[in-house]
Amino acid sequence: MTYHVEFVLGNLSRGIFEISDLTVFFGHIGSGKTLFLRIFHDAVSFSKSMGSPVESELNDLAEMFGNIEIKVKGEKADLHLKCIAGRDTEEPSCYYENDKREFDRKTYMIPYYFDTLLRFSMLYPLQPSDAEFIFSVINFLTPRTRERKIHPYIKEILDKLEDKLFSRRFVVKGRRFIERIDVGREIPAIYSASSYLRSGLLINILIYLASQPQQSLVLIDEPDIGLHPIAMKQLALFLHVIARSGTPIILITHSLLFLDMLRRVDKIARELDVDVEPVNMALIITERSKTKTSKTRYEIKNIDPMSSAIESYTDEIVDLYN
C-alpha cells in the first residue's frame with residue numbers, strides 16, 4: 001500500500017512524500033505537522049460528506065494560510081483539494097479540482113488530547129471533526145462490544161500478551177473508565193498513572209479501527225507523550241501489528257527514543273516473545289528552507305529509517321532543533 005501525497009500550507013510548509021504502512025513525521029515545532037494531519041483528515045471527510053462542519057474548519061484554515069492544496073494519489077481514486085482565502089467581497093472557499101471527491105479509505109484523526117477527552121467524560125471542547133471518532137471509541141470500549149470481530153493476526157498477539165498488556169486492565173462502565181488492579185478490585189482510572197491508561201486506550205482504539213468494515217487510514221498526533229518506556233514499547237509493537245493487518249498509520253513524534261523503538265520493533269517482539277514482522281516504514285522530516293523573504297518556510301525531507309543505524313542521522317535530526 002502506497003499513497004503519493006503533495007501538499008501546500010500557504011507560506012508555512014510544503015512537501016511531496018509517499019505514505020507507507022507506517023509513516024512518521026519528525027521535525028521542527030510549528031512547522032505544520034499537526035496542521036497537515038488535520039487538513040488531510042478534513043479533506044477526506046469533506047469528500048465524503050459535502051457541507052459538513054468540516055467545511056467551516058477548512059474555510060477558517062484557508063483564511064489563515066491564504067491558500068491550501070493537497071493532492072493524494074490513491075489505490076483506486078485520487079483526491080485533489082484546493083482552499084483559497086476570501087477577499088473583501090468573497091468568503092474563503094474549498095473545492096475539489098476536476099471534481100475528484102472520492103478516496104478509497106476513511107481517515108480517523110486521534111488528537112494528542114484524546115485521553116483527556118475520554119477520561120473526563122468528554123467535557124473537553126470538541127472540534128467538529130473529532131466528534132465521530134470520540135463517539136465511536138466510547139461505543140467500542142463499552143462491555144457490550146467485547147465480542148467484536150478482530151483480525152486473526154491481532155487476536156493472536158492479544159492472546160499471547162494478555163498478562164503483559166496494559167490495555168486489558170481498563171474497561172468502561174457507564175461514562176467512567178475503570179482500572180482493574182487485581183482480581184475483584186477496581187478503581188476509577190483518573191487515579192491511575194496516565195502513562196498506562198493512555199497506552200491502554202491507544203491500543204484498544206487501534207484494535208477498534210483495524211476491525212472496521214470500511215478500510216481506515218489512522219492519523220495520530222504524538223501518541224508517545226508522557227508514556228513510560230515500557231508503555232512506549234507496547235505501543236510501538238502494536239502500531240506495527242495494526243499496520244500489518246491492513247490499516248496504514250501516519251503519526252507525529254518528537255521523541256528519538258520512540259522513533260528508535262519503532263525502527264527496532266523486531267527486538268521488542270523478541271523481548272515479549274511474540275512473532276511480529278515489521279511493516280514498511282517511512283520517516284518524513286520537516287526542516288527550514290531558505291527563502292528570499294524574512295518568512296520561515298518548512299519543507300519535508302525523506303529519510304529511509306530502516307536502512308541504517310539511528311546514529312547515522314541522529315545528529316541531523318537533533319540539528320533541526322538548534
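The values are calculated or read from the model by the stated rules, or taken from the named source; none is laboratory data. These numbers come from a predicted model, not from an experiment. Counting neighbours? That spans all protein chains shown, and the Cβs are built from the backbone with ideal geometry, glycine included.
Do any strands (runs of 3 or more DSSP E) lying entirely in region 11-79 carry at least 3 residues that are at pLDDT below 90, and which ones are they?
Answer list for region 11-79: 13-19.
Among what's in region 9-33 and is among the β-branched types (V, I, T) and more than 23 Å from V54 (Cβ to Cβ), pick the residue that is surrounded by the most Cβ atoms within 10 Å (Cβ to Cβ).
In this case the residue turns out to be V24.
Test F36 against the stated conditions and say whether it is without any contact (Cβ under 8 Å) to a residue 40 or more places away in the chain, within 17 Å of I250 (Cα to Cα) and crowded, with 21+ Cβ neighbours inside 10 Å.
Yes, satisfied.
Kindly indicate whether V274 is over 15 Å from I157 (Cα atoms) and in a loop (DSSP other than H, G, I, E, B).
no
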